[in-house]
Ligand code: NDP
Ligand code: MG
C-alpha cells in the first residue's frame with residue numbers, strides 16, 4: 001500500500017472521493033491542488049494537513065494563504081505548482097484528478113519522478129498516450145487506472161496469464177441521459193438535460209462527455225494506450241445499469257467481468273492498495289435485488305462522437321490530441337450556453353479535418369495541435 005499521496009484536483013468529484021477513501025486509511029497527504037475553490041481547499045488543508053497546497057492562479061493562492069495562515073502548509077500556484085505537487089519527495093503516489101489536458105505535464109513529471117500514478121485524468125492518455133506510456137515504461141512507473149471501466153479491465157486482467165490470451169476488451173457504457181433518443185430529439189436538448197447523468201455524479205465536463213458518448217470514445221483510446229491493444233480489440237457495449245464495469249474476453253471464449261454498485265471509491269482505493277485489496281465502504285451488490293442486466297450496441301448515428309473517436313484512434317498521431325483539445329473547448333462553450341448539443345460534434349469534427357495531421361508527434365507538436373484545435377473551435381463558434 002502507498003504511504004503518502006498527492007492529489008491533483010482534490011476539490012473535484014474524484015479528488016473529494018479520494019480524500020474520503022484516504023481519511024479511513026493510514027496514508028498521509030503530501031500535496032493538494034485545486035483551480036479556484038479556495039473555501040473547499042482551505043477546509044481540506046485543515047483536515048488533511050498537506051505539506052503543499054496549489055491553486056490555479058496567484059490571486060487564489062494569496063487568498064488561500066491568508067485563510068490558512070495558521071497552518072504550516074506551503075501555498076503556491078500555476079503549472080509550476082502542479083508540477084511541484086506531482087513530484088513531492090514525500091509522496092509515493094499521485095492521483096491525477098484534474099480535468100483536461102492541463103494534467104499532461106504534471107503527469108509526465110510524476111512519471112519521471114517514479115511515483116505510482118492513480119490515473120483518473122483520461123484526457124492525458126488521449127492526447128499524448130504513446131508518449132506517456134513510453135515514459136512510464138522507461139522509468140518503470142506503475143499506472144493504475146481509476147476510471148471505473150479501466151479499473152474493471154485491470155482487475156479482470158489480474159486473472160489472465162498473458163496479453164496474448166486476451167481477445168477483446170469490452171467497455172460498458174451507461175448510454176448517458178439521452179439513451180434511446182434519435183437525432184431529431186437530440187437537436188433540442190439543453191445543458192440542464194445533459195447534466196443529469198442516470199448513474200454517476202461527476203464533474204461537469206465528463207458529464208457532458210457522457211451525454212455525447214465522447215466519454216466512451218475517450219475511454220476506447222485510454223484503453224488502447226493503457227493495455228497496448230489495437231482498436232479492433234476494444235469494443236463498447238451499452239449497459240444501462242452500470243453494474244458490470246467492463247469485460248475482458250479471452251481467446252478461449254471465456255468472458256471475465258468486474259461487477260459492483262457504481263461507486264468510484266472502489267477503483268480509487270484499489271489504485272492505492274494494489275496489489276492488495278482492503279475493506280471499502282461501498283454498498284454491496286445484491287444480485288437478487290439489482291434487477292435485470294441489459295446489453296445492446298451503441299447508436300453511432302445519433303451519437304457520432306463515439307464513431308469520430310474511433311476514427312481518430314485508428315488514425316493515431318495528432319488526431320486524438322486535436323479531437324481532445326477541440327472537445328474540451330467545445331464542451332466549455334456548451335456549458336456556457338454558447339453552442340448547441342450537436343455543435344460539439346460539428347466543431348470537433350471540423351477541427352480534426354482542418355488541423356494539420358502529424359503522424360509521430362513530439363510533446364511540443366502535441367501541445368501545438370491542442371492549441372490549434374482550441375483556436376479552430378473558438379473561431380468557428382463565434383457568429
Ligand atoms: P471536476 O470538475 O469535479 O474536478 C476538477 C478538478 O480540477 C477540481 O479540483 C478543480 O478545481 C481542478 N481544476 C479545474 N480547473 C483547473 C485549472 N485551471 N488549474 C488547476 N486545477 C483546475 O472533475 P472530475 O473529478 O469529475 O474529473 C477529473 C478527471 O477524472 C477528469 O479527467 C475525468 O474525465 C476523470 N474521471 C472522472 C470520473 C468521475 O466520476 N468524476 C470518473 C472517471 C474519470 P476547482 O474545484 O477549484 O475548480
Ligand atoms: Mg469511465
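Rule-based calculations on the coordinates, nothing more; no lab input. Nothing here was measured: the structure is a model prediction, and the numbers come from that model. Note that we place each Cβ from the backbone using ideal geometry, even for glycine, and neighbour counts take in every protein chain shown.
Before moving on, here are some points about what is shown:
- Here the mean projected area of the convex hull built on the C-alpha positions of the stretch 219-282 is 5.5 nm².
- Separation of alpha-carbon centers, the stretch 282-333 and the stretch 117-141, rounded to whole Å: 19
- Binned Cα-Cα distances of the stretch 275-383, short to long, each 10 Å bin given as a whole percent: 14, 34, 20, 18, 14, 1
- Simple spin-label estimate for residue 142 and residue 113 gives 1.8 nm between the two label positions (7 Å along the Cα-to-Cβ direction from each Cα).
- GNM result for the chain, Cα springs below 10 Å: residue of 268, 27, 83 fluctuating most strongly: 27
- Ranked packing of 331-339, 145-153, most packed first, by mean Cβ within 10 Å: 145-153, 331-339
- Distant alpha-carbon pairs in the stretch 123-203 (separation over 19 angstrom), percent: 61
- Residue list for the stretch 1-32, given a label point 7 angstrom along the Cα-to-Cβ vector of residue 89 and an amide N cut-off under 19 Å: 3-7, 28-32
- By the Stokes-Einstein formula, at 1.002 mPa s and 20 °C, the chain with its Kirkwood radius over alpha-carbon pairs has D equal to 101 µm²/s.
- Stretching the chain fully between residue 24 and residue 188 yields a gain of 54.6 nm (0.36 nm per residue, less the alpha carbon separation).
- Taking the square roots of five times each eigenvalue of the Cα gyration tensor of the stretch 89-131, the equivalent ellipsoid has semi-axes of 17, 11, 8 Å, listed largest first.
- Semi-axes of the equivalent ellipsoid for the stretch 8-138, computed as √(5λ) from the eigenvalues of its C-alpha gyration tensor and ordered from largest down, come to 24, 15, 13 Å.
- Out of every Cα-Cα pair that the stretch 1-49 contains, those further apart than 19 angstrom amount to 14 percent.
- Max mean-square fluctuation residue, GNM over the chain, Cα-Cα springs under 10 Å, options 353, 70, 299: 70
- Kirkwood-Stokes translational diffusion coefficient of the stretch 42-98, alpha-carbon pairs, 25 °C, 0.890 mPa s, µm²/s: 210
- The chain: most fluctuating residue of 108, 363, 169 per GNM, C-alpha cutoff 10 Å: 363
- FRET efficiency, residue 66 to residue 265 (Cβ-Cβ, R0 25 Å, nearest 0.05): 0.15
- 37 °C / 0.692 mPa s Stokes-Einstein diffusion coefficient of the stretch 247-329, Kirkwood radius on C-alpha pairs, µm²/s: 194
- Additional length obtainable on full extension of the chain from residue 1 to residue 58, 0.36 nm per residue less Cα span: 17.1 nm
- Length added when fully stretched, residue 36-residue 294, from 0.36 nm per residue minus Cα-Cα: 88.8 nm
- Mean shadow area of the stretch 199-341 over all directions, Cα convex hull, nm²: 10.9
- Distance from the alpha carbon centroid of the stretch 169-194 to that of the stretch 39-86 works out to 38 angstrom.
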